[in-house]
Structure formats: C-alpha cells, structure tokens
Amino acid sequence: MATITATPGLGSRTTEGAAIRAADLLRWSLDHKVIGLQYMASSLFFFIVGGTMAMLIRWELLTPALDLMADGTQYNALMTIHGSVMIFLWIIPMMAGFGNYLVPLMLGAKDMAFPWLNAFAFWLIPPAGVLMIAGWLVGPPEAGWTSYPPLSTLFSPDGQTMWAMSLHLLGVSSILGAINFVVTIRNMRPAGMTIWKMPLFVWAVLATAIIQVLATPFLTGGLTLLILDRTAGTSFFDPGSGGDVLLWQNVFWFYSHPAVYIMILPGFGMVSEVLAVHARKPVFGYRAIGLSSMSIALVGFTVWAHHMFTSLQPALRIPFMITSMIIAVPTGIKIFSWLGTIWGGKIRFTAAMLFALGFITLFVFGGIGGIFLAAVPVDIHLHDTYFVVGHFHFVLFGGSVFLIFAGIYHWFPKMTGRRMNERLGQLHFVTTYIGTFFTFVPQHIAGALGLPRRVAMYDPAFTNINTVISLAAFLLGISSLIFMYNILRSLSHGERVGGNPWRGLTLEWATTSPPPPWNFRGDPVPFDDPYGYGSDESGPYLDAVERRFPAPEEAAGA
Amino acid sequence: MSQESLTPAELLQQRNRRTGLTIFQISWILVFVCLVIVNWQLRGNHPSWPPPGVNAPSALLPGLATLGLLASAWLARAATRSLAAGSRAAFRRQWRAALALGALFLLVMGYEWLSIPVSGIYSDVFRMMTAFHLLHALAIGLFMSMIARGAGAGRVSAQNLWPAEGATGLWYFVVVAWLLFFPVLYLI
C-alpha cells in the first residue's frame, strides 16, 4: 500500500482500492468523493423521513375529518417538518452531493479547493437534521416551512427555535460549500478548459453557488431576528411593539425564491449531460444553456415579492409580476435547447434518459402553473389554495427530484463501478411518472376550486379528488421503495462496468469507476468539445478511453 | 516568501485561499447589509426615528472608536507587510498596536450596547446590530491574538504568511461591516 501526497493542504491518501465502503460514509474524510456520497446518503435518509411524513399527510387527507391526527396542531407540525426536511435536508444537500462528487472530476482536478472546509460544511448537516427533527421532543414547529410571524413567534412551541437554529447551520453549510465550488471552478480548471468548454453541469453548479453566496446571508439575517424575537424578548416582527410582520416575508423570500433555483439549477446541468450522452448528440445551444443559468441566477433576485402579492403594496405588484414573467425566458431557452439536443438523436431509453425526458414534460406543465401564479389577478384568486401546493410540488418533484433520479441512474456506475438495474429503473420511472401526475395535477384543480392549503379537515365536496391525490401519492411512495431497493441491490449485484459505460466525453468518464483516491492517474487531457458526440474525433477518443478503463470482466479476459 | 520560490501547487493554494477569502467577505457582508435593510424597513414604519421620546445616542465616542478601528486595520496591514519582508520585530509592534486599538473599539461599543436605554424597537435594533458586529469583532480579534502568539513561536512567518494575511482580511471585513452600520446607527 503506497501513500501519496497531492497539493499542499490536501494531506495524503492511501492508493489502495478506489471503492468507498459504507463505513467510510460515517467517518471524517477530506476526499470530495466520500463527501459527495455522504451528502447523497444523508439526503436519501431524509428523503425517506420526509416521504414518510408525506404519506402520513396524505393518509390524513383521505377523508374530510381528522383520522390519524388528534388535532390540527399535530397536522401543522407534520406539514412544517415535512416541507423543511424535503427542501433543506433532501433536495438542496442532494444537489450539493452531486456537485461535490462530480465537479472536481469534470474539471480533471484532484479534489476541491478546500477539502477541510468541504468536510466541515457536510458535517454541519447531521446536527442540523437532529435539531430539526428533535423539535418534536420539546414541541414541534407548527408555522409551515415559510414560518411567517406571528405564527412562528407567538404561536409555535420551542421546536420552532430549534428549527431556526437548524436552518442557521444549514445556511452556513450552504455558504461554505458554495465558496468551495466557486473557487474550485474559477481556479482549478485544467489547461485548455476555458469557461466555454466547461461541462454544463459545472456551469449550473457555478450559477447555483453564486446564488448561495449572495442569497443565503439574508436567511441568516432573518433567522437571527426570529431567534431573538423568540428568545430575547425583542419585537422585530411584532407590529404592536413597533416591529413589522412583513419584514420576515421580505427577508425570507429574498433568500427562498433564489433557493428555488438552488434546488433546480444543478438539475438543469445534470439533464444537459444526460440528454447529450443518451441521445448521442452535441448539446444544442451550449452557450445559451450556460448563460441562461447565469440569467436565472441574476433575475432570480428580482422576483421574491411575487410570493407576497396579497400583502404587498399594490404599486409594487406589477414590477414584480413583470420580473417573474421574465424569468420564464431563460428557462424556456433551456427547454428549447434540450429539445434541440434530442431532436434527431439516437436516443437510448435508459432509466436515466427516461427520467430526463419525463422531467421536460412535467417541468413545462409546472412552469405554466408558475406563469399563472406570476399574474397578479390569478395569484390573488389562487393564493393559499392547493393550486400553490400543486405548483411547487410539481416543479420540485417533477423537476428537481426527477433530475436527481436521472442523475443517480446516470452516475451510479461512476460512483460504484456497477450499473443500476434497468428493468427496475424503468418500473421506477413509470410508477413515479403516473404517481407524480395524478398527485399534483389534481391539486391544481382542487386549488382552483377553492380547497385551502395547510388544513387537516376540508369540505366534503373535495373528498373524491383528495382520494385520488392520496392514492397517487401512495403510488409515489411505492415507487420510491422500488428505487431504494434498486440502489441496495445494485450495490452488490449490479453489472460491473468500466470507466465509461455510457461513452461520455466529459472528464469524469476518463478514469476508473469508481475513481482512484486522487481521481486520475496522471493529468487528464479534456476532449476538445465535451459534447462533440458524432464528431470524427470522438469515436477514436472514446475507444481509447474504453481500452484504458475496461470493465473488470473484459480486463480479466484480455 | 517570494512568489518565484513557490511551487505550482503552492501558488494554486495561495490563489485559492485569496479567492476564497474574498468570496467569503462578499457573502458574509451581506448579512450586515440585510440588517441595514431591516433597520431601514423598521424606521420607515415610524414617522420619526428615533421614535418620539427616545434620544439618539451621541456619535462622538463611537466616531472616535471608528477612527481607532480604521487605524487598527491600517496597522494590521502594515504588520503583515513587515512580516512578509522578514521584519518580525516590526510585525509584533504593529500587530499589537492593531490589537490594542481593536480592543479599545470593543470596549467603547460594549459600553454603548450597555448604556442605551431600553426603548422598544429602537433599542432592539440598536442592540441587535451592535451586538452582531461586536461578536464578529471579538471572534476575529481573538483569532488575531492567536496569530500574534503563533508569530512569537515562529509558526507564522514570512514563510507561512497566510495566517496573518487571512486574519488581516477578516479584520478588514470587521471594518467594512462597521462602516455600513455606523452611519445608520448614529448619523442618519
């Protein structure tokens, strides 16, 4: 066993064995691949936790009366922690996990710029998760994931303070992680990789990191005030004592609307990779996709008050309506570019590709719902109804979660050296697609008909539609179990693969699966065009990569 | 240590650290910007600020402390340059002076925090902002005092300049954050 040292500050790593064991995920490690998998494993754990809560919520809503819960407060607590866990402990850290694992590999780097900081940022998440969930022991938060005062200041038990502390930790983790991404992408690209040759996933992570470093501090500021109001007797959000109840809404949404893009932009990057590789086509409009990520990041800072149309000064409604409409443009550019990418391609309907294609269809639908809500007159009608619930679940589940699934099917072979079971993957896709559609489309309809959100009991006229929603949600629960089973089974029984099972051109495929401790043996040379599929040069390059990093069986045969 | 004597890996590490510190400064200063906006939104809800019956604190003593803080940052910068040039004695002298002025600033602002009469939202905002800044100044000041000890033991030197350079960058951050707060709290 040899020990090598790379860049100063990175320490040393043993060169024996590239595979990362389950026990490694519980240890402090500076290896970005271990940290990436730690993010992903903990996120999957919280996906199960938050998903179980979703099942309980839908069980409660099967009938108009209280069934599972003793009272509405229990329901409020469940819904609050479900939303907070899904956003802050499942989707955002999962995207960070992909970034951690893939960005250094795609850049041909040995690790992130600050490995220690990287590990520290991850290890803030478990205590934050404990704080969030342990709120139940002292009286759970009940004010919803948005935690508007006075619900969050006067009417929610001590778990609300723990919720705020949890988000504080997650915010710091997010900022530290984002700093690492920006520095790594800016300073550690290999010779020859200009920003216009960076993989689109790296572009997306860069745009996301810029949002995180600029938006998350506002959440920190708001949470500080919330904690002080709850614990130190201040009155920042109490209008009766000179405070301002809208102050929280402004600060919270100034972070949380950009946070929507924190949750989706890395996925946009992933889908660009998946579509090009599995359609064997160059990305259509590479620069347009890269720059639209940046546009979304920038315009995303100008739309926050569309969440407050009903409480906003009327004169400000139109400007925010316009900016909210404008942000659909760069997103539309991406959709157009993705369609152009697959048009005429040699599409392989792998599970990864199915989820990527499914995402496009669902996201267009979800996006149109967003246009409805960006229009002031419609929004005022739909405010606080199930239409809003349907919309954000459609874009988060049909968007972010579909992209996470696509990403896992696509990069699982790189991370483990084994392919996930395709048949189970296809079953997972079909059940997830049907479940998503019939859970969240009827929520739009119920909302438009007047079903209010955040209620445990409802008008019996909505019984049938709620039954459909709940049954479809249970199907989503079953589909997630199929996915988990597929992961666990594939870890030990999946088909072994070589370095480049999908014949991808980006640099993460130009090494073994899984990669060795410092990622590459020698300095990798990026292919001139990371999306040059079908070019004369790409075939020989991919053949050479395949010969150098063959599947274990092929290597043994040779 | 001259740039020419650094290996490519060390140069990359130095570049990463400097970029990282800059991004951290930009990011974290936005928490202070957020609190300035909070101050503005709250005062915008009142016909006059401070509210009637509340006296604004005098800006004289904090103004002098602000000048001391600026001088402290200048001294920290000079000290880092002295250390880079290999002059450890000058570094110690200037760094200690910077620390002394920083401690003086902390004492003055601590006094201000304690002496402002409780007056509802006005004193809430004042105390929240000054305490938030004081905590940062205290933490970074303690880090700077650790650097002083490290330099005394030879761990921070011209060959290992980054701790001093990084601490100076963080002290600049304390100064900029205070320059955002001072006018809002005392002048406007």
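Selection of the range A:170-183 for residues being of a type outside the set (S, T, N, Q) and crowded, with 21+ Cβ neighbours inside 10 Å yields A:Leu170, A:Gly171, A:Ile175, A:Leu176, A:Gly177, A:Ala178, A:Ile179, A:Phe181, A:Val182, A:Val183. So, of the residues in the range B:48-66 that are within 25 Å of B:Leu106 (Cβ to Cβ) and of a type in the set (Gly, Ala, Ser), which turns out to be nearest to the other protein chains (Cβ to nearest Cβ)? It comes out as B:Ala56. Of the numbered criteria (1) crowded, with 19+ Cβ neighbours inside 10 Å; (2) outside any helix (DSSP H, G or I); (3) acidic (Asp, Glu), the one A:Asp536 fails is (1). Are any of the residues in the range A:98-113 surrounded by fewer than 24 Cβ atoms within 10 Å (Cβ to Cβ), of a type outside the set (A, V, I, L, M), at pLDDT 95 or above and assigned to a helix (DSSP H, G or I)? Scanning the range A:98-113, I find no residue that is surrounded by fewer than 24 Cβ atoms within 10 Å (Cβ to Cβ), of a type outside the set (A, V, I, L, M), at pLDDT 95 or above and assigned to a helix (DSSP H, G or I), so the answer is no. Annotation note: Cβ proximity below 7 Å between a residue of the range B:24-47 that is at the interface with chain A (Cβ under 7 Å from one of its Cβ atoms) and a residue that is assigned to a helix (DSSP H, G or I) and of a type in the set (Ser, Thr, Tyr) (sequence gap 6+ or interchain) occurs for B:Val31/A:Thr220. Scanning the range A:495-534 for residues that are in contact (Cβ under 8 Å) with a residue 24 or more places away in the chain and among the small types (Gly, Ala, Ser) turns up A:Gly498, A:Gly499, A:Gly504, A:Ala510, A:Ser513, A:Gly532, A:Gly534. Within the range A:455-485, being assigned to a loop (DSSP other than H, G, I, E, B) and touching a helix residue (DSSP H, G or I) at 6+ places or on another chain (Cβ under 6 Å) holds for one residue alone: A:Ala456.
Among the candidates B:Phe143, B:Phe126, B:Phe105, B:Phe91, single out the residue that is aromatic (Phe, Trp, Tyr), surrounded by fewer than 16 Cβ atoms within 10 Å (Cβ to Cβ) and touching a residue at least 12 places away in the same chain (Cβ under 8 Å). That would be B:Phe143, the only listed residue that is aromatic (Phe, Trp, Tyr), surrounded by fewer than 16 Cβ atoms within 10 Å (Cβ to Cβ) and touching a residue at least 12 places away in the same chain (Cβ under 8 Å).
The residue list A:Thr467, A:Thr439, A:Thr432 contains one member that is surrounded by 17 or more Cβ atoms within 10 Å (Cβ to Cβ) and farther than 30 Å from A:Ser513 by Cβ, which is A:Thr439.
For A:Thr385, are the conditions met, namely being of a type in the set (S, T, N, Q), modelled with pLDDT of 95 or more and surrounded by fewer than 21 Cβ atoms within 10 Å (Cβ to Cβ)? Yes: the conditions hold for A:Thr385.
Tell me which residues, restricted to the range B:5-15, are facing chain A (nearest Cβ under 7 Å) and either touching a residue at least 40 places away in the same chain (Cβ under 8 Å) or crowded, with 20+ Cβ neighbours inside 10 Å (or both). Answer for the range B:5-15, where residues must be facing chain A (nearest Cβ under 7 Å) and either touching a residue at least 40 places away in the same chain (Cβ under 8 Å) or crowded, with 20+ Cβ neighbours inside 10 Å (or both): just B:Gln13. Considered as a group, the residues in the range A:201-224 that are hydrophobic (A, V, I, L, M, F, W, C) and at the interface with chain B (Cβ under 7 Å from one of its Cβ atoms) include one that is farthest from the chain's Cα centre (by Cα), and that residue is A:Phe218. Of all residues in the range A:137-167, which are of a type in the set (A, V, I, L, M, F, W, C) and under 12 Å from A:Asn76 (Cα atoms)? Those that are of a type in the set (A, V, I, L, M, F, W, C) and under 12 Å from A:Asn76 (Cα atoms): A:Ala143, A:Trp145, A:Leu151, A:Phe155. Being surrounded by fewer than 21 Cβ atoms within 10 Å (Cβ to Cβ), within 14 Å of another protein chain (Cβ to nearest Cβ) and of a type in the set (Ser, Thr, Tyr) is a property that holds for B:Ser119. When we screen A:Ala207, A:Ala178, A:Ala164, A:Ala143 for residues that are in contact (Cβ under 8 Å) with a residue 60 or more places away in the chain, closer than 21 Å to A:Ala113 by Cβ and of a type in the set (A, V, I, L, M), the only hit is A:Ala207. Could we say that A:Asn187 is within 12 Å of chain B (Cβ to nearest Cβ), surrounded by fewer than 21 Cβ atoms within 10 Å (Cβ to Cβ) and under 22 Å from A:Ala121 (Cβ atoms) here? Considered against the rule, which asks whether it is within 12 Å of chain B (Cβ to nearest Cβ), surrounded by fewer than 21 Cβ atoms within 10 Å (Cβ to Cβ) and under 22 Å from A:Ala121 (Cβ atoms), A:Asn187 comes out as yes. Of the candidates A:Ser152, A:Ser156, A:Ser173, A:Ser147, the single residue that is at pLDDT below 95 and away from chain B (no Cβ under 11 Å) is A:Ser156. Summed over the range B:16-45, the residues that are surrounded by 14 or more Cβ atoms within 10 Å (Cβ to Cβ) and farther than 19 Å from B:Phe173 by Cα give a count of 6. Look at A:Val430 and say whether it is in a helix (DSSP H, G or I) and within 14 Å of A:Phe483 (Cα to Cα). Yes, satisfied. The set of residues in the range A:229-258 that are within 27 Å of A:Phe320 (Cβ to Cβ), in a loop (DSSP other than H, G, I, E, B) and more than 8 Å from chain B (Cβ to nearest Cβ) comprises A:Phe237, A:Asp238.
Quick one: is A:Gly129 modelled with pLDDT of 95 or more and touching a Leu at 6+ places or on another chain (Cβ under 7 Å)? Here the answer is yes, as A:Gly129 does meet what is asked.
A:Met198 meets the conditions (1) within 12 Å of another protein chain (Cβ to nearest Cβ); (2) buried (at least 21 other Cβ atoms within 10 Å of the Cβ) in every case but one. The failed one is (1).
One residue alone among B:Leu99, B:Leu69, B:Leu21, B:Leu83 is closer than 25 Å to B:Ala148 by Cβ, touching a residue at least 12 places away in the same chain (Cβ under 8 Å), within 10 Å of another protein chain (Cβ to nearest Cβ) and among the aliphatic types (A, V, I, L, M), and that residue is B:Leu21. Applying the criterion of at least 3 residues that are touching a residue at least 60 places away in the same chain (Cβ under 8 Å) and under 30 Å from A:Gly425 (Cα atoms) to the helices (runs of 4 or more DSSP H) found wholly in the range A:278-392 leaves A:286-299, A:328-342, A:351-374. Just wondering, is there one or more residues in the range A:459-472 that are touching a strand residue (DSSP E or B) at 6+ places or on another chain (Cβ under 8 Å) and among the charged types (D, E, K, R)? No, every residue in the range A:459-472 fails to be touching a strand residue (DSSP E or B) at 6+ places or on another chain (Cβ under 8 Å) and among the charged types (D, E, K, R).
The values are calculated or read from the model by the stated rules, or taken from the named source; none is laboratory data. The structure presented is a predicted model; accordingly, all values stated were derived computationally and were not measured. We place every Cβ from the backbone using ideal geometry, glycine too, and count neighbours over all the protein chains shown.
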